[in-house]
Amino acid sequence: MDNFLSIHDLSIYQFHELLDLSGQVKAQPQRFREKLKDKVLAMIFEKPSLRTRMTFEVGMLQLGGQAVYLGPSDIQLGQRESTYDVGKNLERWVDMIMIRTFNHQIAVDLAEYTRTPVINALTDSLHPCQGMADFLTIKERHHNLADLTLAYIGDGNNVCHSLIFAAAKAGSRMKVATPPGYEPDPNIVKKAEEDGADTGFVVEVSNDPDEAVREAHAVYTDTWTSMGQEAETKERAHIFAHFQVNSDLMAKAHSKAIFMHCLPAHRGEEVTDEVIDSPQSVVFDQAENRLHFQKAIMLLLMGIKK
Ligand code: CP
Ligand code: NVA
């Protein structure tokens, strides 16, 4: 594997291999303590972060390596220096590059220009590390991913897209409900359907949250206003008002359904306190599993499989 930009790029074998390796790293962290000794990860952040920054940085430290944080005002990608020039510099100093940016093409370009592996740590269109960590969390509770129904309620953007790609590889059923006009990108849905043609994957997109959560083993939501969309906050609060995950909606899902959120959560907006603080909620397991997945993807990109 040269880069990790999208779950779509993984073979079905690699998808399961990554989940297995994440599980091993979680169960026996001491076994991996020196595996990335002397390796350095550059972390380019053009947007804020708690989980992604912490899990990459702590993950690298726990593997014996180091991470260097480059915030939005540091390199000013594309303004102070072109993506090409930034990549050509970084590849002389570090072993891996992680990038969180706006336009997905910037991550694709960086990967193309550098010989160093590039990891997508969120773009406007995808959040693959989140999707993989979430499938690890689901797998821990619902062992047979091929039998899973996952409902996603809210904005059909980056997190939703990566969950769709993960569900396609896993052979799960994915039911998405968004307000009209906020459906997932049809090109991504089409690609996922191709990926999942032989896995048993089914994706259903509607504008009806009640229907989407029916039979769901996991109910997932994300912020109504993603990073970079802050000017639309008020308008979106109105548009998404009927897409809140509250106790009434959870009661319509499978009786043992778990509640999932990538975080940060906006309590009282996309999710109520009652749901996110309920025993059904696995949001902090998801956050923990970001660490284990991050370690697994860095190990695999450095050629270490066990
Ligand atoms: N879920 C997630 O990526 O969180 P951060 O934005 O805090 O990294
Ligand atoms: N959709 C959200 C995810 C945050 C982890 C955003 O892009 O801001």
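The values are calculated or read from the model by the stated rules, or taken from the named source; none is laboratory data. Since we're looking at a predicted model, the values are computed, not measured. With ideal geometry, Cβ positions are generated from the backbone for all residues, glycine too; neighbour counts draw on all protein chains shown.
Assorted remarks:
- Filter result (farther than 22 Å from Gln14 by Cα, away from ligand 1 (no atom under 14 Å from the Cβ) and not in a helix (DSSP H, G or I)) within the range 93-128: Trp93, Val94, Asn103, Thr114
- Scanning the range 183-202 for residues that are crowded, with 18+ Cβ neighbours inside 10 Å and among the β-branched types (Val, Ile, Thr) yields Ile188, Val189.
This table checks each residue for (1) within 19 Å of Ala212 (Cβ to Cβ); (2) among the aliphatic types (A, V, I, L, M); (3) under 14 Å from the mean Cα position of the chain (by Cα).
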{"position": "Ser247", "(1), (2), (3)": "yes, no, no"}
{"position": "Ser255", "(1), (2), (3)": "yes, no, no"}
{"position": "His261", "(1), (2), (3)": "yes, no, yes"}
{"position": "Arg267", "(1), (2), (3)": "no, no, no"}
{"position": "Gln294", "(1), (2), (3)": "no, no, yes"}
{"position": "Met298", "(1), (2), (3)": "no, yes, no"}
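- Candidate set: the range 206-220, residues that are buried (at least 18 other Cβ atoms within 10 Å of the Cβ) and touching a helix residue (DSSP H, G or I) at 6+ places or on another chain (Cβ under 7 Å); chosen: the one nearest to Leu163 (Cα to Cα): Tyr220
- Residue count, the range 229-259 (criterion: more than 16 Å from ligand 2 (Cβ to nearest atom), free of Cβ contacts under 8 Å to residues at least 24 places away in the same chain and either among the hydrophobic types (A, V, I, L, M, F, W, C) or part of a loop (DSSP other than H, G, I, E, B) (or both)): 3
- Any hit, the range 279-297, residues being out of contact with any His (no Cβ under 8 Å at 6 or more places or on another chain), more than 16 Å from ligand 1 (Cβ to nearest atom) and over 17 Å from Glu57 (Cβ atoms): yes
- Out of Ser226, Ser278, sole residue that is within 16 Å of ligand 2 (Cβ to nearest atom), at pLDDT 95 or above and part of a loop (DSSP other than H, G, I, E, B): Ser226
- Tabulated pairs, the range 1-24, first over 24 Å from Arg115 (Cβ atoms) and of a type outside the set (S, T, N, Q), second in a loop (DSSP other than H, G, I, E, B) and modelled with pLDDT of 95 or more, C-beta under 9 angstrom, 6+ apart or interchain: Ile12/Gly171; Ile12/Asp198; Ile12/Thr199
- Criterion applied to Thr223, Thr233 was being β-branched (Val, Ile, Thr) and surrounded by 23 or more Cβ atoms within 10 Å (Cβ to Cβ), and the one residue passing it is Thr223.
- Whichever residue in the range 123-162 is away from ligand 2 (no atom under 11 Å from the Cβ) and without any contact (Cβ under 8 Å) to a residue 60 or more places away in the chain and, among such residues, is surrounded by the most Cβ atoms within 10 Å (Cβ to Cβ): Leu145
- The number of residues in the range 265-281 that are in contact with a strand residue (DSSP E or B) (Cβ under 6 Å, 6 or more places away or on another chain) and small (Gly, Ala, Ser) comes to 2.
- Residue count, the range 45-79 (criterion: within 9 Å of ligand 1 (Cβ to nearest atom) and either of a type in the set (Val, Ile, Thr) or at pLDDT below 95 (or both)): 2
- Within this structure, Arg214 fails the test of being at pLDDT 95 or above, basic (Lys, Arg) and under 20 Å from Val159 (Cα atoms).
- Any chance Met60 is within 16 Å of ligand 2 (Cβ to nearest atom), touching a residue at least 24 places away in the same chain (Cβ under 8 Å), among the aliphatic types (A, V, I, L, M) and crowded, with 21+ Cβ neighbours inside 10 Å: no
- Arg100 in contact with a strand residue (DSSP E or B) (Cβ under 6 Å, 6 or more places away or on another chain) and basic (Lys, Arg): yes
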